[in-house]
Amino acid sequence: MLKYKLQEEKEHLTSAQIAKSVKTNPAYIRQLMAALKNASLISNIQGQANACLTKPADEITMLDIYRAVEGEKPLLHLDIDTNPECGVY
């Protein structure tokens with residue numbers, strides 16, 4: 001998301017370029033982009049490297065992005081299998 005804001009639409013970034021910058025697979029980037037699109041945080045045309053934010057970056061929270069990618073999974077969760085005798089628990 002930050003990369004898009006910094007680019008300010010000067011150039012179109014492909015999933016391969018984004019993946020290389022964060023050392024991951026382009027397919028994973030496309031998966032994340034689909035989740036962001038489904039959450040209406042970005043818009044794009046399939047097969048084209050022209051995704052853009054749907055609203056100003058300062059109106060998109062980290063929680064918006066987290067929810068887009070992780071759904072309703074709790075941000076912090078308690079491991080119910082932790083031994084209650086554990087000193088770290």
Restricting segment 20-56 to residues that are small (Gly, Ala, Ser), surrounded by 12 or more Cβ atoms within 10 Å (Cβ to Cβ) and in a helix (DSSP H, G or I), the one farthest from the chain's Cα centre (by Cα) turns out to be Ala34
Any pair with Cβ under 7 angstrom, 6 or more apart, that starts in segment 55-66 at a residue that is closer than 15 Å to Ile42 by Cβ and ends at one that is assigned to a helix (DSSP H, G or I): Ala57/Lys5
Is there any pair with a first residue in segment 10-23 that is closer than 15 Å to Leu53 by Cα and a second that is of a type in the set (S, T, N, Q) and surrounded by fewer than 10 Cβ atoms within 10 Å (Cβ to Cβ) whose Cβ atoms are under 7 Å apart and which are 6 or more apart or on different chains, and what are they? none
Residue in segment 57-74 that is most open to solvent (accessible area, probe 1.4 Å), counting only those that are under 21 Å from Ile29 (Cα atoms) and assigned to a loop (DSSP other than H, G, I, E, B): Glu72
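The values are calculated or read from the model by the stated rules, or taken from the named source; none is laboratory data. It should be emphasised that the depicted structure is a prediction, and the values quoted were computed from it without experimental measurement. Quick reminder, even Gly has a Cβ in these numbers, built from the backbone with ideal geometry, and neighbours come from all protein chains shown. Calculation scope for accessible area: heavy atoms of the full protein, side chains included, ligands and nucleic acids excluded. Shrake-Rupley method; radii C 1.70, N 1.55, O 1.52, S 1.80 Å.
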